[in-house]
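The values are calculated or read from the model by the stated rules, or taken from the named source; none is laboratory data. Treat the numbers as computed from the prediction; the structure is a model and nothing was measured. All Cβ positions, glycine included, derive from the backbone under ideal geometry; neighbour counts span all protein chains shown.
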Amino acid sequence: MCQARWVVLPQTQQHQADPSLKAISQMDEGSKRYLELLKRCLTAELYDESAWSVVEAEHAKFGQPNDRVHSILALPRRLLIRALAKNSLLLVRRRAFDPECRQVGGDWPMFGYTMVGRRRLDNLHVLLEDVLARGVPGDLIEAGAWRGGCGILMKAILAAHSVTDRIVWLADSFEGMPKPSSMDDGWDLSSVQHLRASAQQVRDNFLRFGLLDDCVRLLEGWFRDTLPRAPIERIAILRLDGDLYGSTMDALTSLYDRVSPGGYVIVDDYGGWPSCRRAVTDFLQKRSLRVAIQQIDWTGVYWRVESCTPAS
């Protein structure tokens, strides 16, 4: 069942047509077909079976109480799944593929390279075409990379334009999500195996698409440790997918001042995670920054950075 729900987000605007759509329309037919097929591969929307889900020993805790009764009821499931795992078997729940749900990133594909859905991939494509067309200086970074899907798309777009002087950075623990520091930090998904992808897996995924080179770089570790000292001078696109309050705040605090005027900030979890939305709001208010937040789908938003200095 699709978990996405459209909501009217505070202080946001609906996604509007962008001049860079013209740049996409002017690409040669081969490049357009390549990037279209790539997006379908990254989201796994080509395969109905991608809607199936692996039943894990531990449930994701979306605000669910971790009480004794819940633990006792979950015990038979844990024992069964662990017994299957010893024989290299998985327990899989079959679900019908929902194209609209996948469009808005409302489900977690069992396989594939991203769970952001097509609308957020299309938004990333449009914004990257825009910064290339306007010559906005800087590298591209996603903080919260999972299997590397958004980074793969960014690298493919650069390759389609023969751009070789921008680095695609992927920052992640590559060990899954951190445990929230408090209930206000967000939901606890630290035990969810599906959200774990190692750094080597991500490199292998780039390699599968023929896109791994010296201009793809991984920042391994928690944001609070890696981002302040990341060797990135300027950023053209900053994409945040950290979910938790602390992770989102760490990324904004460390990287926002490096975003070039005319560049973009994309926040994947603004609508879906109240903790993420609070972090964005607190950061902007603390810095007295006024931005025109635009809504992509039920959870993703973006804005264009005109200046990193406080509004007068």
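Is it the case that LEU195 is in contact with a helix residue (DSSP H, G or I) (Cβ under 7 Å, 6 or more places away or on another chain) and within 26 Å of ALA279 (Cβ to Cβ)? Reasoning before the result, please.
Numbers: in contact with a helix residue (DSSP H, G or I) (Cβ under 7 Å, 6 or more places away or on another chain): no; within 26 Å of ALA279 (Cβ to Cβ): yes.
Criteria not met by LEU195.
Table: residues versus (1) at pLDDT 95 or above; (2) buried (at least 20 other Cβ atoms within 10 Å of the Cβ); (3) not assigned by TED's automatic domain parsing to the domain that holds LEU132.
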| residue | (1), (2), (3) |
| --- | --- |
| ALA251 | yes, yes, no |
| LEU255 | yes, yes, no |
| PRO261 | yes, no, no |
| ILE266 | yes, yes, no |
| TRP273 | yes, yes, no |
| CYS276 | yes, yes, no |
| ASP282 | yes, no, no |
| SER288 | yes, no, no |
| ALA311 | no, no, yes |
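Only one residue in ARG234, ARG277, ARG239 is more than 18 Å from ILE167 (Cβ to Cβ) and among the charged types (D, E, K, R). Which one?
Working: ARG234 fails: more than 18 Å from ILE167 (Cβ to Cβ); ARG239 fails: more than 18 Å from ILE167 (Cβ to Cβ).
From the options ARG234, ARG277, ARG239, the qualifying one is ARG277.
For residues that are modelled with pLDDT of 90 or more and basic (Lys, Arg), scanning just segment 48-94, find the one that is surrounded by the fewest Cβ atoms within 10 Å (Cβ to Cβ).
This residue is LYS86.
Look at segment 179-210 and say how many of its residues are among the aliphatic types (A, V, I, L, M) and within 18 Å of MET154 (Cβ to Cβ). Break it down stepwise before answering.
Residues of segment 179-210 among the aliphatic types (A, V, I, L, M): 183, 189, 192, 195, 197, 199, 202, 207.
Restricting the remaining residues to those that are within 18 Å of MET154 (Cβ to Cβ) gives 197, 199, 202, 207.
Looking only at that region, the number is 4.
Return the residues of segment 216-253 that are under 16 Å from the mean Cα position of the chain (by Cα) and among the polar types (S, T, N, Q); say none if nothing qualifies.
Selection gives SER247, THR248.
Please work out if SER307 is among the small types (Gly, Ala, Ser), farther than 19 Å from CYS150 by Cβ, part of a helix (DSSP H, G or I) and in contact (Cβ under 8 Å) with a residue 24 or more places away in the chain. If you could, list the steps in order and put the result at the bottom.
On the way: among the small types (Gly, Ala, Ser): yes; farther than 19 Å from CYS150 by Cβ: yes; part of a helix (DSSP H, G or I): no; in contact (Cβ under 8 Å) with a residue 24 or more places away in the chain: yes.
In short, no.
Restrict the check to segment 169-185 and report whether at least one residue is within 23 Å of ASP243 (Cβ to Cβ), surrounded by fewer than 20 Cβ atoms within 10 Å (Cβ to Cβ), out of contact with any Lys or Arg (no Cβ under 9 Å at 6 or more places or on another chain) and of a type in the set (A, V, I, L, M, F, W, C).
Within segment 169-185, one or more residues are within 23 Å of ASP243 (Cβ to Cβ), surrounded by fewer than 20 Cβ atoms within 10 Å (Cβ to Cβ), out of contact with any Lys or Arg (no Cβ under 9 Å at 6 or more places or on another chain) and of a type in the set (A, V, I, L, M, F, W, C).
Please give the helices (runs of 4 or more DSSP H) falling wholly within segment 95-182 in which 1 or more residues are at pLDDT 95 or above and outside the structural domain of GLY300 (by TED's automatic domain parsing). I'd like the intermediate steps shown before the answer.
Values: elements: 99-103, 117-134, 149-160.
Correct list: 99-103.
Can ARG224 be described as of a type outside the set (Gly, Ala, Ser) and either without any contact (Cβ under 8 Å) to a residue 12 or more places away in the chain or not assigned by TED's automatic domain parsing to the domain that holds VAL131 (or both)?
Working: of a type outside the set (Gly, Ala, Ser): yes; either without any contact (Cβ under 8 Å) to a residue 12 or more places away in the chain or not assigned by TED's automatic domain parsing to the domain that holds VAL131 (or both): no.
So ARG224 fails the test.
Could you list, in sequence order, all residues of segment 198-247 that are crowded, with 21+ Cβ neighbours inside 10 Å and part of a loop (DSSP other than H, G, I, E, B)?
LEU211, LEU227, ASP241, GLY242, ASP243, LEU244
Quick check on my filter: what residues within segment 183-209 are of a type in the set (S, T, N, Q) and free of Cβ contacts under 8 Å to residues at least 12 places away in the same chain? First the steps, then the outcome.
Filtering segment 183-209 for residues of a type in the set (S, T, N, Q) gives 190-191, 193, 198, 200-201, 205.
Matches in segment 183-209: GLN200 only.
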